[in-house]
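Worksheet: one structure, shown below.
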2 protein chains.
Amino acid sequence: MAGYPPPGSGYPYGAPPNPYGAPPNPYGAPPNPYGAAPSPSAPYDPAGEKPPKEGKGQGGYGSGGGYYQHQTPPPPPTGAYGSPFAALVPSAFPPGTDPSVVACFQAADCDGSGFIDDKELQKVLSSYNQSFSIRTVHLLMYLFTNTNIRKIGPKEFTSVFYSLQNWRAIFERFDRDRSGKIDASELREALLSLGFAVSPVVLDLLVSKFDKSGGKNKAIEYDNFIECCLTVKGLTEKFKEKDTMYTGSASFTYESFMLTVLPFLVA
Amino acid sequence: MAGYPPPGSGYPYGAPPNPYGAPPNPYGAPPNPYGAAPSPSAPYDPAGEKPPKEGKGQGGYGSGGGYYQHQTPPPPPTGAYGSPFAALVPSAFPPGTDPSVVACFQAADCDGSGFIDDKELQKVLSSYNQSFSIRTVHLLMYLFTNTNIRKIGPKEFTSVFYSLQNWRAIFERFDRDRSGKIDASELREALLSLGFAVSPVVLDLLVSKFDKSGGKNKAIEYDNFIECCLTVKGLTEKFKEKDTMYTGSASFTYESFMLTVLPFLVA
């Protein structure tokens, strides 16, 4: 571990302050190597949005932020990692879903199939939030369905919608000067509030990768912030699936490594 | 490993035939879990290109194809994984470099700094090969320098140049119907000839990710083939760095996992 700041040197690994007052680890497991761990009983809701009250799904990790992991468990795996091409299970809107979300989905689902594809999702999100690249949309679809088929149903759409509202609120909270961009230290705080404590080296890498100016601005705009959050959240969750003992280390076979990483690469 | 074809079921893991006649494992280590292992003494050269005769660098793995790993060892790491922002060491053209490669570099290096940046590399490669996205260029620069600074010198440029010639020849060899695209089975053969045996599931994922039609054509064009090769080669090499015992499994800390994967994500 040469070259890494040792624990205790002011580095946020371990147990950073949890701004939501939730217990840092509700499962009695060893100290959380991933940093802040929001409790499943207190999902992030800084903007006062109303997440649908649904079953808790598999939100056993208690970390990762966003609503959907407590609402939308991925389809049951068919193999060691599930088939990346598994079919999406038809779904309905969770009870209590805001009618505007339903209307929004139905407007996008022209043929009434009950699913919308990548281009339809891109179009409909653009009217509610900001424009997203098709790459970001693909990453959203992958992470909200856990498959590579590029369609989502009402349930996933609702989760995407509320998560984006939540992330938008977080972005606006940390974009204090209203520049439309957040810098490295603001990104660090934003990720912490989502339950992810990343090291300074990882933070620098994220900023350099997601900065549209190619590293000149050292700042990230909203759409890339969303892609950055999706990436960190997705990779951390995949890593945790392998780190069953919660040690901060995980073992991968070559096959599982490739199947874990490739879906994030190009979309 | 449920859901994976067992060894011996016609699956190419293990020791597929080596089309170059090199011993499958020149180091006496356990059977190569990555598949075909070209010998360092017989670098791939199906088109009869002339790679510069240089030191062998750290090509100890004997796998991975392409010339550069025997010519351009990455700068010495400064920490467990090296600093992703390490400065590039100034370099010169290897003895015997084709004068047209030198002229090409010098034309691109307008200010005579001895380095060319991403946009200059993109421009100069377009005239010799085919157009590459800036993303592919960034991935090339990352893998040929092992840093995130987006500049390369004469040495790296020469390696990029010859590797692209090699990969172009491989692409043309497997694009038997001259359609400008290769399908899944041709990609499998092409990757095998580069020393990478990927499973059917990984192969499907690669085709779906690198197919410009979003999976409709189930085929990959030349520029995306290059990005696909860079991705498989880069990820496999990073994985092997952690799989020091050559077992086919590797352990990552959360930090090393993020630092390994993030450079491949967006470029």
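Considering only residues that are part of a loop (DSSP other than H, G, I, E, B) and not aromatic (Phe, Trp, Tyr), look in the stretch A:234-249 and name the one that is nearest to A:Pro263 (Cα to Cα).
Selected residue: A:Asp243.
Within the stretch A:190-242, the set of residues being on the phi > 0 side of the Ramachandran plot and buried (at least 21 other Cβ atoms within 10 Å of the Cβ) comprises just one member, A:Gly195.
So for the stretch B:170-180 (the condition being away from chain A (no Cβ under 14 Å), buried (at least 23 other Cβ atoms within 10 Å of the Cβ) and either over 27 Å from A:Asn148 (Cβ atoms) or touching an Asp or Glu at 6+ places or on another chain (Cβ under 8 Å) (or both)), does at least one residue qualify? Taking every residue of the stretch B:170-180 in turn, none turns out to be away from chain A (no Cβ under 14 Å), buried (at least 23 other Cβ atoms within 10 Å of the Cβ) and either over 27 Å from A:Asn148 (Cβ atoms) or touching an Asp or Glu at 6+ places or on another chain (Cβ under 8 Å) (or both).
Rundown of residues vs (1) basic (Lys, Arg); (2) modelled with pLDDT of 90 or more; (3) at negative phi, yes/no style:
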residue	(1), (2), (3)
B:Tyr67	no, no, yes
B:Val102	no, yes, yes
B:Ile116	no, yes, yes
B:Arg150	yes, no, yes
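Being without any contact (Cβ under 8 Å) to a residue 24 or more places away in the chain and touching a Leu at 6+ places or on another chain (Cβ under 9 Å) is the filter here; which residues of the stretch B:179-202 pass it? Result: B:Ser185, B:Val202. Taking the stretch B:203-219 as the range and being within 11 Å of another protein chain (Cβ to nearest Cβ), in contact (Cβ under 8 Å) with a residue 12 or more places away in the chain and not in a helix (DSSP H, G or I) as the test, the residues that pass are B:Asp211, B:Lys212. Being away from chain B (no Cβ under 12 Å), in contact with a strand residue (DSSP E or B) (Cβ under 9 Å, 6 or more places away or on another chain) and either touching a residue at least 60 places away in the same chain (Cβ under 8 Å) or under 26 Å from B:Leu230 (Cα atoms) (or both) is the requirement here; does A:Val160 meet it? Yes.
Figure legend. Inter-residue proximity from the stretch A:242-257: first residues within 7 Å of another protein chain (Cβ to nearest Cβ), second residues of a type in the set (Ser, Thr, Tyr) and surrounded by fewer than 16 Cβ atoms within 10 Å (Cβ to Cβ), beta-carbon distance below 8 Å, spacing 6+ or different chains. Indicated pairs: A:Ser249/B:Ser251; A:Ala250/B:Ser251; A:Ser251/B:Ser251; A:Phe252/B:Ser251.
Do you know which residues across the stretch A:87-121 are among the polar types (S, T, N, Q) and assigned to a helix (DSSP H, G or I)?
Of everything in the stretch A:87-121, those that are among the polar types (S, T, N, Q) and assigned to a helix (DSSP H, G or I) turn out to be A:Ser100, A:Gln106.
Being within 8 Å of chain A (Cβ to nearest Cβ) and of a type outside the set (S, T, N, Q) is a description that does not apply to B:Phe225.
Evaluated against (1) within 14 Å of chain B (Cβ to nearest Cβ); (2) in a helix (DSSP H, G or I); (3) not aliphatic (A, V, I, L, M), A:Lys155 falls short on exactly one condition, (1).
Could you please find all residues in the stretch B:228-240 being more than 20 Å from A:Leu139 (Cα to Cα) and within 7 Å of chain A (Cβ to nearest Cβ)? Correct list: B:Phe239 only.
The values are calculated or read from the model by the stated rules, or taken from the named source; none is laboratory data. For clarity, every value in this text was computed on a predicted model and none was experimentally measured. Every residue, glycine as well, gets a Cβ built from its backbone with ideal geometry; the counts of neighbours run over all protein chains shown.
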